[in-house]
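Before any comments, here is the structure.
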Amino acid sequence: MLVSAKKMLNDAVAGHYAVGQFNINNLEWAKAILLTAEEMKSPVILGVSEGAGKYMCGYKTIVGMVNGMIAELGITVPVALHLDHGSYEHAYKCIEAGFSSVMFDGSKYPIDENIAKTKELVAVCEEKGISIEAEVGAIGGEEDGVVGSGEVADPAECKMIAELGVTMLAAGIGNIHGKYPANWQGLRFDVLEKISADVDNMPLVLHGGTGIPEEMIKRAISLGVAKINVNTECQLTFAAATRAYIEAGKDLEGKGFDPRKLLAPGTEAIKATVREKMTLFGSVGKA
């Protein structure tokens, strides 16, 4: 059964660890992440972008698939199904479809409009027992067609959004989606410290978790980051393992092409990535 992310993230803040959000793109990814979360006894958040939602035949299809997997695989750890970087319209679509958590990314709007739309969605989510993530300061880079300019969030605006009653807050602090360039200046911990002090222990979210050095991850967690998003690293490891399998000609062995065999190495690579991240985030055994 899907759950709101509220308790798992509040527990993470109190316990000084972070819960991983791992985006899913198909059945294999979802299965690999769920099995690994159960193995590690870690709570987990399955992220779904709008593009992935379209690819997987819509949000109702995804809810049915994930709920079915939880039941059939005997998953006992807390699992939240979360819309990632959702628009105002798609947040409502996911609420109606049965998601247990949504993100409304209002960072592209003027702060007054971000506040108004977020406040409206907070009321709806509270009524339905769904967790909600808001964003201030666009995250840099591009993810699934969503482009952010890499703004550094204004702590005063973060405080205004936090006071609306959101479950968690994503704030731009120099983090970006995708691979970090060689000249990346690192996370703005001065800004994170100010935001953390102003939002009264609200769980903070770090997007762009791929490629951030371990010491930065640990420091961010110590300053209130309770949810860390990982997508690009899973994409890279899945693609590399699948490519290696094909180039080795193993898909031609036996009876010939078998998608279950073809995708198995990539699935195992995702499991390894998730294990590594859960260990780094400190969520192992916290279910």
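The values are calculated or read from the model by the stated rules, or taken from the named source; none is laboratory data. Since the model is a prediction, treat every value here as computed from it, not as a measurement. FYI the Cβ positions are ideal-geometry reconstructions off the backbone, even for glycines, and counts take in every protein chain you see.
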Practice item. Could you please find all residues in region 16-36 being surrounded by fewer than 19 Cβ atoms within 10 Å (Cβ to Cβ) and assigned to a helix (DSSP H, G or I)? Key: LEU27, GLU28, LEU35
Point to revise | Identity of the residue in region 173-184, of a type outside the set (A, V, I, L, M, F, W, C) and either under 22 Å from ASP112 (Cβ atoms) or surrounded by fewer than 17 Cβ atoms within 10 Å (Cβ to Cβ) (or both), that ends up nearest to the chain's Cα centre (by Cα) | key: GLY178
Review point. What is the residue count in region 156-176 for residues that are assigned to a loop (DSSP other than H, G, I, E, B) and in contact with a helix residue (DSSP H, G or I) (Cβ under 7 Å, 6 or more places away or on another chain)?
Key: 5
Review point. Of all residues in region 37-61 being surrounded by 24 or more Cβ atoms within 10 Å (Cβ to Cβ) and of a type in the set (Val, Ile, Thr), which is farthest from PHE99 (Cα to Cα)?
Key: VAL44
Point to revise | Where TRP184 falls short, out of the listed (1) in contact with a strand residue (DSSP E or B) (Cβ under 9 Å, 6 or more places away or on another chain); (2) over 30 Å from LEU164 (Cβ atoms); (3) in contact (Cβ under 8 Å) with a residue 12 or more places away in the chain; (4) assigned to a loop (DSSP other than H, G, I, E, B) | key: (3)
**Study point:** Positions within region 162-184 being modelled with pLDDT under 95 and hydrophobic (A, V, I, L, M, F, W, C), in sequence order
**Key:** ALA170, ALA171, ILE173, ILE176, ALA182, TRP184
Revision key, fill the gap. Picked from region 185-198 (must be of a type outside the set (D, E, K, R) and surrounded by 15 or more Cβ atoms within 10 Å (Cβ to Cβ)), the residue modelled with the lowest pLDDT is LEU187
Check your understanding: Looking at region 72-93, is at least one residue polar (S, T, N, Q), crowded, with 22+ Cβ neighbours inside 10 Å and in a loop (DSSP other than H, G, I, E, B)?
Key -> no
Check your understanding: Does region 133-143 include one or more residues that are in a helix (DSSP H, G or I) and either touching an Asp or Glu at 6+ places or on another chain (Cβ under 7 Å) or at pLDDT 95 or above (or both)?
Key -> no
Exercise for review: Kindly list the number of the only condition in (1) touching an Asp or Glu at 6+ places or on another chain (Cβ under 7 Å); (2) farther than 25 Å from GLY86 by Cβ; (3) aliphatic (A, V, I, L, M) that fails for VAL284.
Suggested key: (1)
Exercise for review: Exactly one condition in (1) touching a residue at least 60 places away in the same chain (Cβ under 8 Å); (2) surrounded by fewer than 24 Cβ atoms within 10 Å (Cβ to Cβ); (3) of a type in the set (A, V, I, L, M); (4) out of contact with any strand residue (DSSP E or B) (no Cβ under 7 Å at 6 or more places or on another chain) is not met by VAL13; state its number.
Suggested key: (4)
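Conditions tested, residue by residue: (1) over 14 Å from the mean Cα position of the chain (by Cα); (2) modelled with pLDDT of 95 or more; (3) within 17 Å of CYS94 (Cα to Cα).
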| position | (1), (2), (3) |
| --- | --- |
| ILE24 | no, yes, yes |
| TRP29 | no, yes, no |
| GLU38 | yes, yes, no |
| SER42 | yes, yes, no |
| CYS57 | yes, yes, yes |
Study note, to complete from the structure: Filtering region 153-172 for residues that are free of Cβ contacts under 8 Å to residues at least 40 places away in the same chain and buried (at least 18 other Cβ atoms within 10 Å of the Cβ) leaves a count of 2
